[in-house]
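One structure below.
Laboratory data are not the source of any read-out in this text; all were calculated from the coordinates shown. This structure is a prediction, so every number in the text was calculated from the model and none was measured. When we count neighbours, we look across all protein chains shown, and the Cβ atoms used for this are built from the backbone with ideal geometry, even at glycine.
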Amino acid sequence: MLFQPVENVYLQSEPFWLWFSSAPVEENVILYSPANIALSCNLTSPSTDSATVNVTWKKDNETLRSSSVTFNETKHVWSTQYINQMGNYTCVFKRDQEVKATFHLQVPQIEGKEHHVVSYVGDSVVLVCKSIKYIPISWIWYMSNGSDQVAVNDSLMPDKYTVDEKYANITKLKILKISEEDDRSYWCQAVFKLGESKGKVSLKVLTYMTPLKPFLAIAAEVIILVAIIFLYEMYSKKKQMHAGTLQGEGSNVLKQNALIMAP
Amino acid sequence: MTDGAHPEPPDGGWGWMVVLAAFLQAALVFGLIRSFGVFFMEFVGYFGELAGRVSWVTSIGIAVLQLGGPVSSALSTQYGARPVVMAGGFLSGLGLLLASFATSLTHLYLSIGLLSGLGWALVFTPSVASVARYFAKRRTFATGLAVSGAGLGSFAFSPLFQLLVDTYAWRGALLVVAGISFNLVAAGALLRPLEPEGNKAAAPEAGWLRLPALSSLCRPSLASHRPFLLYAAAFILVDAGYYIPYVHLVPHGRELGFDEYRAAFLLSSAAVADLCGRVAGGWLADRLAVRLVHSLTLWTVLTGLSMALVPLGRSYSLLMGLCICYGFFAGALVPLQFSGLAEIVGTGRIMEGIGLMQMVESAGSLVGAPLSGWLRDMTGDYTASFIVAGAFLLAGSLLLFALPNYFSCPLDSTTKEETTRDP
C-alpha cells in the first residue's frame, strides 16, 4: 500500500508570551489519512527590544533541528517544521527562560463503553464500537485472557461469535450462549491508514438468581402488606361489632330500669 | 349526589386511605408507562428492530388500558372494586414477569401489551371511582391528590428504571419492575367497600344472574344519557389535543435550536407544573363557590390557549413560561374531569361512566398525535400542530357549554345536592 500524501495541513499553536513561564501549551491533532504537515509555533514578545531567540524542534524528545530567530517590528516570531510521521512534536523557544508547545499527532481514538454491558448465562449479547467521524479500514476484536489480549476468532467458532460489519464505521460483536467464562473485557481495534486504536468494552455475566432476590423480597413485602391490611380490617370490624353489642346491652339496661321506675 | 341505595360518603376517615391507594395506583400504572422509554432503547438494541415496531409495545398496552375500561367497570359493578383491582394488579405484574423471558417482540406485545394492559385497565377505573364514592364535598381535591401519583411516579421511576437496567440488564430489570408492580395488589386491598355486600344494589336485575352485569356492556344505559354523551364528546376533542405537547414538545424545542437537555427540561418543567396543577385544581375546585363545570371549562380554555400560543415562544424563557402554564392548566383539569363526571351520572353509575369515557377518549388520543405529526410533515414545523391542538381543546370546552343547566347559578346546584342528601 502506497503511503500517498493526500492533503497539506498547516497547524498553528496559539501565540504565547515568552517572559513568564506559563503552563505548557499542548494540542491534539487527529490524523486520518497520510498528509504533509507543517507545524508552526508563533511567539509574541511584550517588550520592544529586538531579541534573538533559539528555537529547537524535537520529536518524542529527540532533537530534529536547532536555529535562531529574531523578533521583527511586530514583535512576533514564527518557526515552522515540516513532518510526515506520527508522533509528539515540540517547539522550544529559549532566551533566558524556556517556553514550549507540543503537538500530539494521533490516529482517531475509539471510545468503548464506560459501564459494563450486563447479560445473563445462556442469553446472547451484542457489543458495539463506533467511529462516527473517521471510517476505519477494518475492525479486529480482542478479548482478555488473563493479562493477554487474544484475538476473537469468529470463523473458528461461528456459533459462539458473530461479527456484524454492515456499516464500515460500526462494528458489532454478537456473543451467543453466554457462560460465566465470558465475563471479561473485550477490545475493538480500528485499523486506520496511519495506525490503529482500541476501544474497551467490558461484559458482566449474571445468573438469573441475581435479580430474583430483590423480586422475591418485594413479593414477600406485598404479601405481608396485604395480610396486615386484611387483619386490621377484621380487627376493626370486630371492635365495631363489640362496641355495637355493648351499646345494645346498655340501652336494654336503661329500658329495664325505666320499667322498674314507672309505677 | 347520592341516591337512596348508597351510603353517605364519609368525606374523610378511611377515605384518605382510598386516596392513598389510588395515588399508588396512578404512580404504578401511569408513572410506570411514562417511564417505560428506558426499556424502549434496550429493546431496540437487543431485538435489532426498528423504533416503530418497538413502540407498539407501549401503544398496545395503553390501548388495552383504555378500551378495557367498560369491562373493568362492569366487573367492579358486579363484584366490587377491591377484588377487581387486586386481580388487575396481579395480572399487570404477571405480564411484566413473563416479559422478562421474552425471546421475540411478539412475546412482548402479548405479555406487556395485552396482559399488563388488561391488568392496568382493571386497576385504573375502579380506583378513581372509589375515590369519587368516598368523597362528596372534597371529591375534586381527593381526586386531584390521587391522580398526582402519575407525575410523582414518572419522576421516581425514570431514574430508578435506568438504574435497574444498568445493574441487571433489561431482563432482570423487568423482573424487579414486575415485583414493584405487584404492589398494586396491596394498594387494591385498601379499597374497602362502603357497603358490606358490594355494589350489587346498583343493577336492579342483579338478583337472578351474574350475567346481566356483563350484558350491560352491550347496551350500556349511559349511551342514551344525553349529558353523558355531550361530556364524553367534549373529552374526545380535549384528548385529541391534550397529549400533543408530551409527544411534540421536545422535537419542537430541538427544531428551534435548543440542545437535547434544554429541550428535555421543557418537558420536565411542564410535568412538574402538571403535578402542581392536579393538586391545586382539585383543592381550588372544592373551596370556591364556583360550579365544577364552570371551573372545568375555564381550565380547558386556558390549556387550549396556552397550547395555541406555544409557537409564539421563540426565546427559551418565553417557551418555558408557556410550557409551565400549559402543564399547570392541563393538570388542573384532570381531577375536575372525573368529579364532573360523578356529578353528571351520579355515584351509582360512576364506574360505568369512567369505563365508557376511557374507551371513547381513546379515539381522541389515538387520532391526536399522528394528526399532529402529519401536520408537521405538511407544513414544515410544529406551529400548525400546536394551534390545531389548542383548537381541539377550545372546541371541547365549547361542547361543555351545551350541558344542561350550564348557566344556572352555583347556589341552585348546592341546595339541590343538600336536599337529595337529607334523609
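Among B:Leu175, B:Leu394, rank each residue by its count of other Cβ atoms within 10 Å, from fewest to most, as a rough exposure measure. Please list the in-between numbers first.
On the way: B:Leu175 24, B:Leu394 19.
Going from sparsest to densest Cβ surroundings: B:Leu394, B:Leu175.
Listing B:Tyr134, B:Tyr406 from the residue with the fewest other Cβ atoms within 10 Å to the one with the most, what is the order? Spell out each step's value before the answer.
Numbers: B:Tyr134 26, B:Tyr406 14.
Ordered by Cβ neighbours within 10 Å, fewest first: B:Tyr406, B:Tyr134.
With the dipole of the protein assembly as shown worked out from charges on the C-beta (+1 for Lys and Arg, -1 for Asp and Glu) around the Cα centre, which of B:Ser73, A:Val125, B:Gly95 lies farthest toward the positive end? Farthest along the dipole direction, towards plus: B:Ser73.
Taking N as the number of residues in the stretch B:353-394, what value does Rg over Cα atoms divided by 2.2 N^0.38 Å take? Could the numbers behind the result be given before it?
Values: Rg = 12.4 Å, N = 42, 2.2 N^0.38 = 9.1 Å.
Relative to the 2.2 N^0.38 Å estimate, the stretch B:353-394 comes out at 1.36.
Converting phi to 3J(HN,Hα) with the Karplus coefficients 6.51, -1.76 and 1.60 and the offset θ = phi - 60°, the stretch B:391-401 yields 5, 4, 5, 5, 4, x, 5, 5, 4, 4, 4 Hz in sequence order, with x at every glycine or proline. Counting 0.36 nm for each residue step from B:Ser59 to B:Leu398 and taking away their Cα separation leaves a gain of 119.1 nm.
Once the convex hull of all Cα atoms in the stretch A:38-125 is built, its volume per residue stands at 167 Å³.
Residues whose amide H comes within less than 5 Å of that of A:Ala51, counting only those at least five positions distant or on another chain, are A:Phe71 (H built at 1.01 Å from N in the peptide plane). Evaluating 6.51 cos²θ - 1.76 cosθ + 1.60 at θ = phi - 60° for every residue in the stretch B:374-387, the Karplus couplings come out as 5, 4, 5, 5, 6, 9, x, 9, 8, 4, 4, 4, 5, 5 Hz, glycine and proline recorded as x. The stretch A:131-181 and the stretch B:336-358 have Cα centres spaced 59 Å apart.
Quote the Stokes-Einstein diffusion coefficient, in whole µm² s⁻¹, for the stretch B:4-73, based on the Kirkwood radius over alpha carbon pairs, a temperature of 20 °C and a viscosity of 1.002 mPa s. Each step should come with its number before you reach the end.
Working: Rh = 15.1 Å.
It comes out at roughly 142 µm²/s.
Going from the residue with the fewest nearby Cβ atoms within 10 Å to the one with the most, B:Phe407, B:Phe386, B:Phe101 rank B:Phe407, B:Phe101, B:Phe386. For the stretch B:239-251, 3J(HN,Hα) computed residue by residue from phi via the Karplus equation (6.51, -1.76, 1.60; θ = phi - 60°) reads 5, 4, x, 4, 8, 3, x, 4, 8, 10, 5, 5, x Hz, glycine and proline entered as x. In this structure, the amide hydrogen of A:Tyr120, modeled 1.01 Å from its nitrogen in the peptide plane, lies closer than 5 angstrom to those of A:Leu206, counting only residues at least 5 positions away or on a different chain. Taking the Cα centre of chain B as origin, work out the dipole magnitude from +1 charges on Lys and Arg Cβ and -1 charges on Asp and Glu Cβ, in debye rounded to 20. Taking the Cα centre of chain B as origin, the dipole is about 180 debye. Counting only Cα atoms, the size of the stretch B:219-313 along its three principal axes is 51, 34, 22 Å, in decreasing order.
Expressed in nm², what is the orientationally averaged projection area of the convex hull enclosing the Cα positions of the protein assembly as shown?
In nm², the orientation-averaged hull projection of the protein assembly as shown is 47.1.
Cα convex hull of the stretch B:140-186: mean projected area in nm², to one decimal? Don't skip to the answer; put the middle values down first.
Values: hull surface 14.5 nm².
With every direction weighted equally, the projected area is 3.6 nm².
Rg then Dmax, both in Å and based on the Cα atoms of the stretch B:225-269: 15.9, 50. Across the options B:Leu275, B:Phe43, B:Met351, the greatest Cα extent toward the positive end of the charge dipole of the protein assembly as shown (unit charges at beta carbon of Lys, Arg, Asp, Glu) belongs to B:Met351.
Modelled label positions at A:Ala51 and B:Asp259, each set 7 Å beyond Cα in the direction of Cβ, lie 4.0 nm from each other.
Where both partners of a DSSP beta bridge lie in the protein assembly as shown, what percent of those bridges are antiparallel, to the nearest 5?
On the way: 59 of 77 bridges.
The antiparallel proportion sits near 75 percent.
Just so you know, the Cα atoms of the stretch A:197-237 work out to an Rg and Dmax of 20.8, 74 Å. If we count trypsin sites (Lys or Arg not before Pro) as exposed when they sit in a DSSP loop and have at most 13 other beta carbons within 10 Å, what is the longest stretch of chain B that avoids them all? Longest gap between qualifying sites, sites excluded: B:1-136. Projection of the Cα convex hull of chain B, averaged over all directions and equal to a quarter of that hull's surface, yields 20.0 nm². The spread of Cα positions in the stretch A:140-223, taken along each principal axis and listed from longest to shortest, comes to 63, 25, 25 Å. For the stretch A:143-251, the tally of Lys pairs with Cα-Cα distances below 27 Å comes to 25, considering only residues 8 or more apart or on different chains.
Computed over the stretch A:44-201, the range of Cα coordinates on each principal axis works out to 76, 27, 25 Å, biggest value leading.
Under 5 Å from the amide H of A:Leu64 lie the amide H atoms of A:Trp57, A:Lys58, A:Lys59, each residue being 5 or more positions distant or on a separate chain, with H modelled from the backbone and absent for Pro and chain starts.
Based on the Cα atoms of the stretch B:34-170, what semi-axes does the equivalent ellipsoid have, where each is the square root of 5 times one gyration tensor eigenvalue, given in whole Å with the largest first? Walk me through the numbers on the way to the answer.
Numbers: eigenvalues 179, 63, 28 Å².
Three semi-axes, in Å: 30, 18, 12.
Please name which of A:Asn84, A:Pro108, A:Asn72 has its Cα lying farthest along the dipole of the stretch A:72-111 towards the positive end, using unit charges on Cβ (Lys, Arg +1; Asp, Glu -1) and the Cα centre as origin. It is A:Asn72, whose Cα lies furthest towards the positive end. Candidate cross-link partners of A:Lys58 among the lysines, defined by an alpha-carbon separation under 16 Å and a same-chain spacing of 8 or more, comprise A:Lys94, A:Lys100. The calculated 222 nm mean residue ellipticity attributable to helices in the protein assembly as shown amounts to -18500 deg cm²/dmol, summing -39500 (n - 2.57) over DSSP H runs of n ≥ 4 and dividing by all residues.
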